[in-house]
Amino acid sequence: MPVTKEIMLKMYTLMIRSHKFDELMIKSITNGKLVAFYHSLRGEEAVEIGGALPLRKDDYLYGTHRGHSIGYILAKGGAPLGFIAEHYGKKAGMANGVSGFHIVDEEIGILGLGGTIGTVFPTSLGFGVAAKKNGRGQVVGSYFGDGASNRAVMHTSLNLSAVWKLPIIWFCENNLYAMAMPLKDAYPKADIADIAGSYGMPGVVVDGQDVVAVYEVVEAAVARARAGEGPSLIEAKTYRFHSHAMGMPRGGPNETASKEEMEAWMKRDPIKLFEDKLLIEGILTQEDIK
C-alpha cells in the first residue's frame, strides 16, 4: 500500500519525539537523575519508527537496548511516562522502577526486555507460537543488533520459526558495530540478511536512514506473516551517532570508528533526510516543523 501523507506526518512526529526523549535521557545522565545507564538512539530513529509503525497494538514486540526501545514504544502507541519513570527508579515505571532499563507494557504487546545478548531470539520464538495459536492474526516484531547475530541461538530460532511458519519479523538493526567490534571483523559477508536463504525465508536489506523504505519492507513482511506465510528477516543498515553507551568515548580506545566514517554517516541524519523530503514534496512547511 502507498505510504500516505498522514502516515508520513506521523512518522516525522514520532521521529522527533523519540529524538527529544533521547536528549532527555542523555541530559538525565549528566545531571545524575538517571539510576541506570543509557544507550542513545540518535541516528537510528528511522529504524525504530519505521520498523514498528506497521504493527498493530495487539502484536507482540521485543525491542533492543538502543534507545531502550523508546522509538518502538512510541510507534506502538505506548505512553512515555512509564519509560521515564522506570529510568528514574520510580514506582510508576514500566517495571515498577526496579530495573532502570527492562520495560513491560502489556497493553501494547511488550512483555519485557532482556539484558543478555541473544535473549530476543527464543523469547520471540515463544511469542510467535502464542500468536499462531491465538488465531487472531497477530505477528511478532523481533528486533536485534548486528552484535547479537553471531549468537548460535539466532540460527536455531530462525530455523524453527521457518519450519513452523511462525508469524515473526526478524529485524536486524545493523549499525556496523557491536559494543566495540566492527561487523566486518565478526561476520564474513556484507549482508546479514543472506542468512535468511538458509532457512527458506525472505531476506531483505533496507536503508535504515530512510524511514519510508523501512516502513514499506516491514509492512510487506507483516502482511506476509498475517497471511500465514511465515517469518522474514530484514536488515536495516544504519549507524549510531553516539558511543555504545553514554559516558563511553566514541572513536576512542574501545571503539574503532574513524572520524571520516562518522562524518559521512552523520550527513545522512535520518530526521534531516526525511524533513528535507517532506519539505520538497510540500507535505511540511517550516512553520509545521517549528
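Here Lys237, Lys267, Lys272 are screened, and the one residue that is among the charged types (D, E, K, R), over 30 Å from Arg136 (Cα atoms) and in contact (Cβ under 8 Å) with a residue 24 or more places away in the chain is Lys237. Counted as qualifying within the stretch 1-88 are the helices (runs of 4 or more DSSP H) with 3 or more residues that are farther than 26 Å from Met179 by Cβ, open to solvent by less than 50 Å² (accessible area, probe 1.4 Å) and of a type in the set (A, V, I, L, M), namely 5-30.
When the stretch 125-144 is filtered for residues that are in contact with a helix residue (DSSP H, G or I) (Cβ under 7 Å, 6 or more places away or on another chain) and on the phi < 0 side of the Ramachandran plot, the ones remaining, listed by number, are Leu125, Gly128, Gln138, Val139, Val140, Gly141, Ser142, Tyr143, Phe144. For the subset of the stretch 98-136 comprising residues that are at pLDDT 90 or above and more than 20 Å from the chain's Cα centre (by Cα), which member is most open to solvent (accessible area, probe 1.4 Å)? Among those residues, the one meeting the criterion is Lys133.
Filtering the stretch 113-128 to residues that are over 19 Å from Arg56 (Cβ atoms) and either assigned to a loop (DSSP other than H, G, I, E, B) or of a type in the set (S, T, N, Q) (or both) leaves Leu113, Gly114, Gly115, Thr116, Ile117, Gly118, Thr119, Thr123. With respect to Gly247, determine if the residue is modelled with pLDDT under 95 and at positive phi. Here the answer is yes, as Gly247 does meet what is asked. Among the residues of this structure, Ser258 counts as one that is among the hydroxyl-bearing types (Ser, Thr, Tyr) and without any contact (Cβ under 8 Å) to a residue 12 or more places away in the chain. Of all the criteria given as (1) open to solvent by 10 Å² or more (accessible area, probe 1.4 Å); (2) in a strand (DSSP E or B); (3) within 21 Å of Ala257 (Cβ to Cβ); (4) not basic (Lys, Arg), the one not satisfied by Val204 is (3).
Residue pairs whose Cβ atoms lie under 7 Å apart, sitting 6 or more positions apart in sequence or on different chains, and linking a residue in the stretch 74-103 that is more than 25 Å from Pro54 (Cβ to Cβ) to a partner that is charged (D, E, K, R) and surrounded by 19 or more Cβ atoms within 10 Å (Cβ to Cβ), are Gly93/Glu86; Ala95/Glu86; Gly97/Glu86; Ser99/Glu86; Gly100/Glu86.
Every condition in (1) part of a loop (DSSP other than H, G, I, E, B); (2) open to solvent by 50 Å² or more (accessible area, probe 1.4 Å); (3) touching a residue at least 40 places away in the same chain (Cβ under 8 Å) is met by Gly282 except one, and the failing one is (3).
The set of residues in the stretch 155-174 being in a helix (DSSP H, G or I) and in contact (Cβ under 8 Å) with a residue 40 or more places away in the chain consists of His155, Leu158, Asn159, Ser161, Ala162. Just checking, does the stretch 183-200 include any residue being hydrophobic (A, V, I, L, M, F, W, C), over 20 Å from the mean Cα position of the chain (by Cα), open to solvent by 10 Å² or more (accessible area, probe 1.4 Å) and under 24 Å from Ala245 (Cα atoms)? Scanning the stretch 183-200 turns up at least one residue that is hydrophobic (A, V, I, L, M, F, W, C), over 20 Å from the mean Cα position of the chain (by Cα), open to solvent by 10 Å² or more (accessible area, probe 1.4 Å) and under 24 Å from Ala245 (Cα atoms). So the check is Cβ under 9 Å with 6+ separation or different chains; which pairs have a first residue in the stretch 115-139 that's within 27 Å of Ser99 (Cα to Cα) and a second one that's of a type in the set (A, V, I, L, M) and loosely packed, with under 14 Cβ neighbours inside 10 Å? Pairs found: Gly118/Ala152. Of all the criteria given as (1) open to solvent by 20 Å² or more (accessible area, probe 1.4 Å); (2) in a strand (DSSP E or B); (3) of a type in the set (Ser, Thr, Tyr), the one not satisfied by Ser142 is (1). Listed by first and then second residue, the pairs with beta-carbon distance under 7 Å, at least 6 apart or on different chains, first residue in the stretch 1-28 and on the phi > 0 side of the Ramachandran plot, second of a type in the set (Ser, Thr, Tyr), form an empty list.
The values are calculated or read from the model by the stated rules, or taken from the named source; none is laboratory data. Keep in mind it's a predicted model, so treat the numbers as computed, not measured. As a convention, Cβ positions derive from the backbone with ideal geometry for all residues, glycine included, and neighbour counts pool all protein chains shown. Remember, those area values only see protein heavy atoms, side chains included, never the ligands or the DNA or RNA. Shrake-Rupley method; radii C 1.70, N 1.55, O 1.52, S 1.80 Å.
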